[in-house]
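The values are calculated or read from the model by the stated rules, or taken from the named source; none is laboratory data. The structure presented is a predicted model; accordingly, all values stated were derived computationally and were not measured. When we count neighbours, we look across all protein chains shown, and the Cβ atoms used for this are built from the backbone with ideal geometry, even at glycine. Note: accessible area is taken over every heavy atom of the protein model, side chains too, but ligands, DNA and RNA are not part of it. Shrake-Rupley method; radii C 1.70, N 1.55, O 1.52, S 1.80 Å.
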Amino acid sequence: MVVFSLVASHSSIDLETVARLSAGAAAVSADVIEKDNAVAGLVTLATCNRFELYVHARSHEDVEAARSSLIETVSKHSGLSEPQVSQALNTLHSDAVPRHLFAVSTGLESAVVGEREIAGQVRRALSTAQEQGVTSPPLVRLFQAAAKTAKDVGAQTALGRRGMSIVSVALDLASDLQDAASSSVGESANAASVSGPLAGKSAVLFGTGAYAGAAMAQLIQRGCTDISVYSSSGRAETFVASRGGTALDDQALPAAVAKASLLVGCSGSDHQLSSTDLGEMRSDSTQQLTAIDLALTHDFAPDIADLPGVDLLTLETVRQAAPAEQESTLAEASAMVAEATRTFEQSQNSRSLDHAIVALRRHTMAVLDDEIAKVRKQHGCTAAADEVEFAMRRMVKQLLHVPTVRAKEIAAAGDAESYLAALDVLYGLKISPETISTAITSRVEGETAV
């Protein structure tokens, strides 16, 4: 298995570049896999804070060709030049790949450390790749291990137990701004303290995706019952049917915005709300407005913050305001990620000599078959000969038991080459890299078929 990853996240580059890289992520997967190139499988993880490609190359020699193919395709769909894409995407190899993905899935690499949404996004990334038919068994095993690690860390540490998320931190900030605005005009906070920090507030939610669903749940939890949903793609009716709220169309949107205390942008569509449009919608409104833009490509133009009575919160604002987890909790979670990485690598290494074990068994059984054929030719097909065959086959299996166990141990320790050299010296079994590649490809195709 030759897996590497290309990673761009909030910790290394600006979110605008992350957004541009993420543009057309689904098309990137389709384009790369359709070509006859070095990429055998691909899983794309694109969130509001990161764009990451997990790649199964056909062999070690194909890694650079696979990387070049992906950079070319991402460049085509993002509008960034190939040098820009190459510089933005950090390449991870070997055990750095599972270590990073496991840390991401547990929330250790999130803008809000310990956020709960990311584990679901990692699972959905794998599901999407499987639906598109672009993944491979090694990548499936990698992402399944990441999901298990996230579950174990969530169950065994305090990381994420506070339920912090990008949405929750953003709404905490919005609540503070709304409380400050209410206090400045002498409004009572009694209703909010009884029913929730956003009780009595009117909100307009832009988008119908996963983040919009999380935002809707948080708004309701905080006491906001007047929630309208707008989708430029026309999916608002379906969204509110299962979650509540009021669906808006283009005609109803201005009136809803005019009376709203909160705008929450989660769509990332091409229909950006400009300061001119928002100013016209609020021309007769004295309502203090807090706009929360959680979309990478921005649902709201940045200059709406210049309008009177409008506050704008962005992903960068949320990242800076996110509370820090306790050091002991982070250390405990990091240790679990490190152990999960070691376990995964040992599991993958133990598979590396499967082809050698099969070759040894075939060689030994072929010698046995020759000997049995000689016995049958000399003595005919008799019951005694059958008993001899049974005894000899049992003996061969016993003789192969220790070499098989040792192969697994040596592979897990990362020293497969010494085992292959021993087979050559002892049995004359020459297992070349081409043989290994063919065996692995056959196994991958077999697992995919199953």
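About the centre of its Cα atoms, region 276-370 shows a dipole size close to 700 debye [charges on the beta carbon of Lys, Arg (+1) and Asp, Glu (-1) only; nearest 20 debye]. Protection proxy ranking of 79-90, 166-177, by the mean of other Cβ atoms within 10 Å over each peptide's residues and highest first, is 166-177, 79-90.
The alpha-carbon of LYS397 sits under 17 angstrom from the alpha-carbons of these lysines, leaving out residues fewer than 8 places away in its chain: LYS408.
Taking the convex hull of the alpha carbon atoms in region 2-156, what volume per residue do you get, in Å³? Working shown, then result.
Working: hull volume 14.5 nm³, N = 155.
With only Cα atoms used, region 2-156 gives 94 Å³ per residue.
Partner lysines whose Cα lies under 30 Å from the Cα of LYS35, excluding those fewer than 8 positions away in the same chain, are identified as LYS76. Model label points for PHE390 and ASP14, set 7 angstrom from Cα along the Cα-to-Cβ axis, are 7.8 nm apart. Highest mean packing comes first when the peptides 283-295, 122-134, 365-377 are listed by Cβ atoms within 10 Å, giving 283-295, 122-134, 365-377. Listed by chain and number, the lysines placed with their C-alpha closer than 30 angstrom to that of LYS259 are LYS201; residues fewer than eight positions away on the same chain are left out. Taking all protein chains together, CYS266, CYS224 sort by accessible area into CYS266, CYS224, largest first [probe 1.4 Å].
The Rg/Rh ratio of region 256-344, with both radii computed over alpha carbons and Rh defined as the Kirkwood radius, is 1.24. Remark: region 2-156 carries 38 Å² of accessible area per residue (probe radius 1.4 Å; ligands, DNA and RNA excluded). Assuming charge only on the beta carbon of Lys and Arg (+1) and of Asp and Glu (-1), the dipole of region 2-156 about its Cα centre is about 440 debye to the nearest 20. Rolling a 1.4 Å probe over the protein heavy atoms of region 2-156, with every protein chain left in place, gives an accessible area that is 47 percent carbon and sulfur. When the solvent-accessible area of region 210-324 is split by element, carbon and sulfur atoms take up 47 percent of it, the probe being 1.4 Å. In a simple Cβ point-charge model (Lys, Arg +1; Asp, Glu -1; nothing else charged), region 307-350 has a dipole of about 100 debye relative to its Cα centre.
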